[in-house]
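Reading through the structure tokens given below for one structure.
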């Protein structure tokens with residue numbers, strides 16, 4: 001659906017490669033799923049059989065510095081990957 005232009009394309013099964021890339025970039029990553037959005041949003045998406053989820057506003061994680069890294073479809077519907085730089089004390 002969309003991803004940050006600097007993020008490589010990962011295939012299904014590339015979990016270790018993906019985690020390694022996050023670590024190399026110094027990123028902390030959190031995921032939000034449309035599947036767990038409000039019933040109105042989730043039902044609208046799953047009952048429409050339409051891939052458009054532009055009306056969904058994924059929940060940003062608590063804290064500062066989070067930005068949307070990617071929104072893509074899964075077998076369970078769209079997910080949003082939020083990322084931020086890892087800060088060291």
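Taken together, the values in this text are just the output of simple stated rules run on the coordinates, not laboratory data. None of these values were measured; they are calculated from a predicted model. Reconstructed Cβ throughout: ideal geometry from the backbone, glycine too, with neighbour counts over all protein chains shown.
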_Value in Å of the Kirkwood radius, where the chain supplies the Cα pairs that are averaged_ = 14.2 Å
*Put a dot 7 Å past each Cα toward the Cβ at residue 12 and residue 64; how far apart are the dots in nm?*
4.1 nm
*asked:* Please compute, for the alpha-carbon atoms of the range 5-56, the extent along each of the three principal axes and give them in descending order in Å.
replied: 38, 21, 20
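With a cut-off of 8 Å between alpha carbons and a minimum separation of six or more residues, what is the relative contact order of the range 2-85 in percent?
On the way: 97 pairs, mean separation 32.4, N = 84.
Taking the mean separation of contacting Cα pairs over the length of the range 2-85, I get 39 percent.
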